[in-house]
Amino acid sequence: MFKHLLHGRFTLSGSVLAIFQKRETIPIEAFFFPLFLLIYDLMETLPKIYDKKSVALELEAGDHWWCACGLSGHQPMCDGNHKGTGFGPKKFTLAEKQKVWLCNCKNSKNPPFCDGSHKSL
Ligand code: FES
């Protein structure tokens with residue numbers, strides 16, 4: 001089997017062979033390329049983990065836009081770098097000046113606030 005892998009071919013056997021009855025071998029790229037595309041697509045739907053720690057900020061009253069994609073250069077707030085990713089900022093409003101713990105791992109179930117999800121990443 002390894003000899004075939006070295007030559008870029010994968011020898012089929014057993015029930016897999018029944019699927020490809022007409023061919024004894026398939027190019028190894030044909031086997032892994034769809035898997036690579038699937039993994040790439042799944043990764044595109046996930047936000048980038050900016051940091052596995054939350055951040056405490058003293059914020060003024062008013063509207064704020066938290067970065068949900070993880071690509072902002074002005075974390076944890078949005079700077080517009082999400083364009084074309086399918087992500088968008090999460091708007092939140094504070095009634096008064098207060099200290100808040102904001103999520104930086106982008107996996108919180110209660111965005112933009114940290115819920116401890118970074119501990120399981
Ligand atoms: S830059 Fe991340 S949501 Fe805007």
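The values are calculated or read from the model by the stated rules, or taken from the named source; none is laboratory data. Small disclaimer: the values here were computed from a predicted structure and weren't measured. A quick note on method: Cβ atoms are made from the backbone with ideal geometry, for glycine too, and the neighbour counts reach across all protein chains shown. SASA here: full protein model, heavy atoms, side chains in, ligands and nucleic acids out. Shrake-Rupley method; radii C 1.70, N 1.55, O 1.52, S 1.80 Å.
If the condition is being among the aliphatic types (A, V, I, L, M), loosely packed, with under 15 Cβ neighbours inside 10 Å and not in a loop (DSSP other than H, G, I, E, B), then the range 73-121 contributes only LEU94.
Of the residues making up the range 51-72, those that are open to solvent by less than 60 Å² (accessible area, probe 1.4 Å), over 12 Å from VAL100 (Cα atoms) and in a loop (DSSP other than H, G, I, E, B) number 6.
Count of the range 76-94 residues, restricted to those that are within 16 Å of SER108 (Cβ to Cβ), more than 8 Å from the ligand (Cβ to nearest atom) and under 17 Å from the mean Cα position of the chain (by Cα), is 1.
All conditions but one from (1) open to solvent by 80 Å² or more (accessible area, probe 1.4 Å); (2) at pLDDT below 95 apply to PRO34; the one that does not is (1).
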